[in-house]
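The values are calculated or read from the model by the stated rules, or taken from the named source; none is laboratory data. Fair warning: this is a prediction, and the values are worked out from it, not measured in the lab. Here the Cβ positions follow ideal geometry from the backbone for every residue, glycine too, while neighbour counts run over all protein chains shown. The area values use the complete protein model at the heavy-atom level, side chains included, leaving out ligands, DNA and RNA. Shrake-Rupley method; radii C 1.70, N 1.55, O 1.52, S 1.80 Å.
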Amino acid sequence: MGNLLKVLTCTDLEQEPNFFLDFENAQPTDAEREVWDQVDVVLKDAKGILDELQAYKGAGQEIREAIQNPSDEALQEQAWAAVVPLVGKLKKFYQFSQRLEAALHSLLGALTSETYDDTTQHLEREQALAKQFAEILHFTLRFDELKMTNPAIQNDFSYYRRTLSRMRINNVPAEGENEVNNELANRISLFYADATPMLKTLSDGTTKFVSENKNLPIENTTDCLSTMATVCKVMLETPEYRSRFTSEETVSFCLRVMVGVIILYDYVHPVGAFAKSSKIDMKGCIKVLKDQPPNSVEGLLNALRYTTKHLNDESTNKTIKSMLQ
């Protein structure tokens, strides 16, 4: 498709980058191939993870019966038998978050390197990597939306840990204990204790990337994030661009990506996304969200309300606060 990123001249004072990022068709160039292949292996598993999480029913019934009848051995065994395979799934989701963080580091390394003069050139020439970065953010927000509406996850894991420690005290051999040792159980427990565990993994991972790459100016990373946010906003609010999407799903994809990069920017940038000096047009981004059918974006607006770091700072513009109320 030749050059997929059409850079247009900017007429506004902000020099807002106006371009079309082809989230539907971007293919890796030879230069992108190595990183793209690494990340592709992880992204191939992402859909399966979402499917498993969506189908996660929990062992609430079995756990309730076991707790209500503590002396009924058969019910205790039923609950344990129901919970052990579920904990295997929860462990798998947690381990996937570690793989996702490693993939994010590879992408940030490529998209913030000194290969090109600025972020716009990176995004222009590394469309396929930008698309993968977007796919990671899309997965992350979708995972967290599903996790938030499923209280069984934390209940199952707490029951597992309580039962396991009781078994240890009573020297009962625990089948499945080799699945999750104590140290791993602590880490998994911390992961699920967060309202948005995947987003926390990514924001911690981005912060870690910045602190580990002292030779890279922090602006390389924050500019990458703010430019992605702007690209998504411009594509969503410009009919000419929006008409190029072949699927309505690309709209919700773009919205999720925009919110994801805003949240990462807010964590990594010293003063965050809501400050006057922020390179993200927050009013414009919130307006784009509010222009969608309300039931489709409530989760994303909540992500901005409750998972950003700087929204409630004194310096945040009152209009922005009231737009998110």
The extension gain from Glu24 to Glu183, computed as 0.36 nm times the residue separation minus the Cα-Cα distance, is 53.1 nm
Förster-model FRET efficiency, 25 Å R0, Arg162 and Lys44, C-beta, rounded to 0.05:
0.10
Carbon plus sulfur, as percent of the 1.4 Å-probe accessible area of the chain, comes to 51
Beyond 23 Å (Cα-Cα) in this structure, taken from Lys91/Lys214; Lys214/Lys318; Lys233/Lys309; Lys44/Lys283; Lys44/Lys287, we find Lys91/Lys214; Lys214/Lys318; Lys44/Lys283; Lys44/Lys287
Name the residues of the range 291-313 whose amide N is less than 19 Å from a point 7 angstrom out from the Cα of Arg242 along the C-beta direction?
291-301
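In Å², and per residue, what accessible area does the chain have when probed at 1.4 Å with the other protein chains present? Before the final figure, lay out the partial values.
Details: 15980 Å² over 325 residues.
Accessible area per residue, the chain: 49 Å².
Which FRET efficiency value, to the nearest 0.05, is calculated for Ala74 and Leu190 with the Förster distance at 30 angstrom and r the Cβ-Cβ distance? Kindly include the intermediate steps, with their values, before the conclusion.
Values: r = 33 Å, r/R0 = 1.11.
So, using R0 = 30 Å, E works out to roughly 0.35.
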Among the GluC sites (Glu not before Pro) in the range 221-256, which ones are in a DSSP loop with at most 10 other Cβ atoms within 10 Å of the Cβ? Mind listing them?
Glu248
Length released on extending from Lys57 to Asp37, taking residue separation times 0.36 nm less the Cα-Cα span:
3.8 nm
How about the range 221-292: which trypsin sites (Lys or Arg not before Pro) there are in a DSSP loop, with at most 12 other Cβ atoms within 10 Å of their Cβ?
Lys276
